[in-house]
Structure formats: structure tokens, C-alpha cells
1. Considering region 210-240 alone, what residues qualify as being in contact with a Phe, Trp or Tyr (Cβ under 8 Å, 6 or more places away or on another chain) and under 30 Å from Ser134 (Cα atoms)?
2. Checking the structure you have, find out if any residue of region 84-101 is at pLDDT 85 or above, closer than 18 Å to Ile229 by Cα and not small (Gly, Ala, Ser).
3. State all residues of region 168-223 that are under 18 Å from the mean Cα position of the chain (by Cα) and among the small types (Gly, Ala, Ser); if no residue qualifies, say none.
4. Check off (1) within 29 Å of Ile150 (Cα to Cα); (2) at pLDDT 80 or above; (3) of a type in the set (Gly, Ala, Ser) for Ala22 and give me the number that stays unchecked.
5. Given the condition touching an Asp or Glu at 6+ places or on another chain (Cβ under 9 Å) and polar (S, T, N, Q), answer yes or no: does some residue in region 175-196 qualify?
6. Taking only pairs six or more apart or across chains, which ones have beta-carbon atoms under 7 Å, a first residue in region 85-101 that is in the same structural domain as Gly160 (by the TED database), and a second residue that is among the small types (Gly, Ala, Ser) and at pLDDT 85 or above?
Amino acid sequence: MEVLYGLFDTLLLTARDVIPIAVILFGFQLGVLKRPIANWHKVVLGFFYVIVGLTLFLVGLELALFPIGESMAEQLTSVEFIHPNLGPDETIIWQDYLWVYIFAAAIGFSTTIAEPSLIAVAIKANEVSAGAISVQGLRISVAIGVSFGIALGCFRIVVGDPIQYYIMGGYIIVVVQTFYAPKMIVPLAYDSGGVTTSTVTVPLVAALGLGLATNVEGRNPLIDGFGLIAFASLFPMISVMGYAQIVDALNKRRALKKQNNMS
């Protein structure tokens, strides 16, 4: 019964969030553009599907994904797991957190692949580029960036380095890449950094960061526990532009090889 109450509450909250979007869209279409809505039956049905789908999605995350993710983050970062036979004169070093880095990379990759917002952006990018930008290629390159970023962010929490050095260094790489990456990919790479930090990724990554900062001696959860989202937003820009640069270089190499063969 409690699950049904939770489902109903989530349905009302989702409808409250989606209905203003529908009002704005319909209002501009009818009031500003003064044009009828084509296939309005399908449009209304689509909004209904959106509300129901988001409701089930959010409830599913709350019941299954978030609890087990938070539990694993807490267990993986506990001293009992990191170093069960820790002696009184021994200290935990950053290498002892290997499984934390692996888990961070794996959860970053998998949650990014599952992000609905990234899927939507990848499909649209594929459409407007006439297939030049691969849906799977974009999703995987973004996921690799998030995976590396979150693992690096966990390493930063463990060693206690100031976050600004990592972020500044990352943005220096982004700025340099911007001058050399194919121009059509640069805006998409910048957007890819934002769409990755959405419904699925943020709660799990935040739980991992807070759990790690809580269990590492000398770390403040408020100061050190947050910041992983910044890593998850930054490194996809690097990986997407890097992916485009690699593809561009391979295409130029093939074209040059073909030209040499013909001559």
C-alpha cells in the first residue's frame, strides 16, 4: 500500500512539473504563432505517456537503483572493506582504494549510457548531421569521459588535493582542444558535459562522493564529498572532442592513402 501511495505522489509531482511545459508550448503555438496543433490527439497522448513514463522511471530508481547504489558506495568506502587487517601502526594509502576507483569508473560509464537526456541528444545529433555523428559513438565517448572523471574525482578525495587544480587543468585541455577539434563537434561536446549529469547519474555519484569523504580520515564531507559532478561534466567534453579528433585523423589518413594508391 505504501508503494501505491508513493507512486501516486510521484505521479502528481511529475504532472505538476510537466504540465507547465505543455501550457507554454500550447500557449505559444495557439496564442503567439496562432497555428493549430497538428495531430493534437497524438500530442496529448504523448504528454500522458511522458508523465506516466517519468513516474514509473523515478519510482523505479527510488526503489531499486538508489538504495543499492548508496549501500555499495558506503560499503566500498568503509575501512573494514578497504583494509580489513589494518594494524595500529599502519595507514591506508591511495592504492588501497583500487576497488573504489573501479566501481566509480564502472558506475560512471553505466549510468551515462542509461541517461535518457544523453540518448535524446545523441539521436538529434545523428539526425541533423545526416549520420555523420554516430549515436553509439557519441554515447560511448561521453560515458568514457564520465567514467574517467568520476574515478579521478574519487582519487582526488582520497589524496586530499584541492579540487580547483584538477578543474582548471581540465578546462585548459578543453580550451586547447577547442582550437584543434572539428568545428561541428565543439558545441555538441560542450552540451554533452551538461546532459550527462541528470536523473540517473547525479544521485549515485553524489552518494559515492559523500560516502568516500565520510570514511576517509581527515576529509570533510561538505568540502571534499561534493565535486564529483563537476568532474562528470568536465571530462565528457574532453573525450567527445578527442573522439572527433581521432575519427577526423583516421578519415584524413584513409583519404591520403586512397589518393596515393590512385596516383
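1. Scanning region 210-240 gives Phe231, Leu234, Phe235, Met237, Ser239.
2. yes
3. Gly170, Ala189, Ser192, Gly193, Gly194, Ser198, Ala206, Ala207, Gly209, listed by residue number.
4. (1)
5. yes
6. Close Cβ pairs satisfying both conditions: Tyr101/Ala151.
The values are calculated or read from the model by the stated rules, or taken from the named source; none is laboratory data. Note that the structure is predicted; figures quoted are calculated from it, not measured. Every residue, glycine among them, receives a Cβ derived from its backbone with ideal geometry; neighbour counts consider all protein chains shown.
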